[in-house]
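Read the structure below first, then the notes.
The values are calculated or read from the model by the stated rules, or taken from the named source; none is laboratory data. This is a predicted model, so every value here is computed, not measured. So basically every Cβ, Gly included, is an ideal-geometry build from the backbone, and we count neighbours across all protein chains shown. Remember, those area values only see protein heavy atoms, side chains included, never the ligands or the DNA or RNA. Shrake-Rupley method; radii C 1.70, N 1.55, O 1.52, S 1.80 Å.
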Amino acid sequence: MQVCSNNQQIIDLISQWKGKGETVAFVPTMGGLHDGHLSLVSKAAQVADRVVVSIFINPTQFSQNEDFDNYPETLSDDLTLLENYPVDVVFTPTAEQIYPKGLSSDVKAGSLAQGLCGGTRPGHFDGVAQVVYRLFEIVTPTVAIFGQKDYQQLLVIKQMVEAQVLSVKILSGAIIRENDGLAMSTRNQYLTKAQRQLAPELYKQLSVLKQQILSGGDVISSTKHTQEALEKHFKVEYLSVLDANTLKSITDNTAKITILCAVFLGSTRLIDNIIFNQG
Ligand code: AMP
């Protein structure tokens, strides 16, 4: 496994592989790696000849009052974990390598960035679209893999790839959870012991809501009931039941439903979602 932080080095390496007709799967991350990230790496190895993982804490997707300065930096642990996986190269660029011309960008997120996390984190998805576009420019992957954990992000990236007419194929990986149901997240390490014990309640309540919808319960009143149950433990930022393809209200034509939720537990923001077929 090679580690490289220089654009030209990785461009040369990848052009050698592509010259031999090899395909490249790419997993972008911000480090703080856990089994959720590693599941995407395993999937990458199944779908392409070469695997590239990037570790870059992207400044442009954090707002001023967010945790950019405190975001966990665990590079040596991350590299140790990745050594156990079939990774060809870990790309660890500096901000200067990614943004040589400064932080502003013409690449913006599209309509699917509106509302939900896009509503409460203004500019977040523009930053995501910008960094992913730039990473794709350098890595030129055949396939890139993103977690369903960040479901709106996954849709925003698919929309960006279509809008920019990029040839990369976007795949997704299922949400990896702790044994008690809490979705794995780099930010879970911010939780105190007491908060960590409460945190699985988020997924539990979303699962109850899913069951109520599947058994024909009224979506609006079931969602209101779940919101009240969540508010006993969390500060709820949003809880929405939407069409999983359009992120609009569900209709009789909706094939897949998504329940999307963001909450605060103390100062830690947790997101989670469930996707299922309309019954
Ligand atoms: P991050 O480092 O938080 O930017 O995440 C990098 C990638 O890992 C993104 O595509 C995330 O959606 C994905 N990811 C994060 N947590 C999980 C999880 N629990 N299960 C599956 N994928 C995840």
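With the checklist (1) touching a residue at least 40 places away in the same chain (Cβ under 8 Å); (2) open to solvent by 20 Å² or more (accessible area, probe 1.4 Å) in hand, flag the one item V87 doesn't pass.
Unmet condition: (2).
Residue by residue through the range 140-168, note down the ones that are away from the ligand (no atom under 11 Å from the Cβ) and assigned to a strand (DSSP E or B).
V143
List pairs: first in the range 159-172 and over 21 Å from V41 (Cα atoms), second part of a helix (DSSP H, G or I) and open to solvent by less than 50 Å² (accessible area, probe 1.4 Å), Cβ under 7 Å, 6+ apart or cross-chain?
Matching pairs, first to second residue: Q159/L112; M160/A129; M160/V132; L166/F136.
Taking G110 as the residue in question, decide whether it is touching a strand residue (DSSP E or B) at 6+ places or on another chain (Cβ under 9 Å), assigned by TED's automatic domain parsing to the domain that holds K43, at pLDDT 95 or above and more than 25 Å from V47 (Cα to Cα).
No, not satisfied.
In the range 1-56, which residue that is of a type in the set (S, T, Y) and touching a residue at least 12 places away in the same chain (Cβ under 8 Å) is nearest to the ligand (Cβ to nearest atom)?
Across the range 1-56, the extreme among qualifying residues is T29.
Take the range 173-193 and flag every residue that is acidic (D, E) and under 21 Å from V41 (Cα atoms).
E178
Listed residues I176, I220; which is over 19 Å from I271 (Cβ atoms) and of a type in the set (V, I, T)?
Step by step, each of I176, I220 is checked, and only I220 is over 19 Å from I271 (Cβ atoms) and of a type in the set (V, I, T).
Quick one: how many residues across the range 169-212 are within 16 Å of the ligand (Cβ to nearest atom), farther than 30 Å from F136 by Cα, part of a helix (DSSP H, G or I) and touching a helix residue (DSSP H, G or I) at 6+ places or on another chain (Cβ under 8 Å)?
3
Please specify each residue of the range 237-279 satisfying the condition of being under 18 Å from the mean Cα position of the chain (by Cα) and on the phi > 0 side of the Ramachandran plot.
Matches in the range 237-279: L247 only.
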